[in-house]
1. Report the full-extension gain for the segment K45 to A14: residue separation times 0.36 nm, less the Cα-Cα distance, to one decimal in nm.
2. List Y8, Y42 from most exposed to least, where exposure is judged by having the fewest other Cβ atoms within 10 Å.
3. For H24, which sequence-distant residues (separation of 5 or more, or a different chain) have an amide H within less than 5 Å of its own amide H, given hydrogens modelled in the peptide plane?
4. What ranking of R21, R69, R60 emerges when the number of other C-beta atoms within 10 Å of each C-beta is taken as an exposure proxy, fewest first?
5. Nearest 0.05, what FRET efficiency do L2 and R52 give at R0 = 25 Å with Cβ-Cβ as r?
6. Would you mind getting me the FRET efficiency between E61 and S31? Use the beta-carbon distance for r and R0 = 25 Å, nearest 0.05.
7. Show me, for segment 48-64, the HN-Hα J-couplings you get by feeding each phi into the Karplus relation (A = 6.51, B = -1.76, C = 1.60, θ = phi - 60°), rounded to Hz, glycine and proline as x.
8. Listing M40, M32 from the residue with the fewest other Cβ atoms within 10 Å to the one with the most, what is the order?
Amino acid sequence: MLPWTSDYDRPLPAALTAKCRPLHCDLCSVSMNSSVQADMHYVGKTHDKHARHFLTQWARESGCEPPRRLRGGAEGSETAAKRAKKAAASEVRE
Ligand SMILES: [Zn+2]
């Protein structure tokens, strides 16, 4: 389970999450060096933009309601990134 996916009001389609790998985002064609960096990407503006675009397309093709982001997004990305960083740090300790 990807931590940032819980920011959406319903489960994200597998077609989307399959593109979001631990250190590489196929959706945005971005590679990361660490899980902290990856978490920052997945809650950041660039990914949000690509994910929203993908979900709009996906919803049109599947006839389903697109999942909506509950918090974070362009305005709250700084806070979300901090939260992800904190979560990643606590994971390392365990
Ligand atoms: Zn991305």
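Where a number appears in this text, it was derived from the coordinates with a stated rule and is not lab data. Just so it is clear, the structure is predicted and the values come from calculations on it, not from any experiment. Heads up, the Cβs are rebuilt from the backbone with ideal geometry, glycines too, and the neighbour counts pull from every protein chain shown.
1. Working: separation 31, 0.36 × 31 = 11.16 nm, distance 2.10 nm.
Separation in residues times 0.36 nm, less the Cα-Cα distance, equals 9.1 nm.
2. With the sparsest Cβ surroundings first, the list reads Y8, Y42.
3. Counting only residues 5 or more places away or on other chains, the set is M32.
4. Fewest-to-most ranking of R21, R69, R60: R60, R21, R69.
5. According to the calculation, E is roughly 0.95.
6. Numbers: r = 28 Å, r/R0 = 1.10.
About 0.35, to the nearest 0.05.
7. Couplings: 4, 5, 5, 5, 5, 4, 4, 5, 5, 4, 4, 5, 5, 6, 8, x, 8 Hz.
8. Least crowded to most crowded, the residues run M32, M40.
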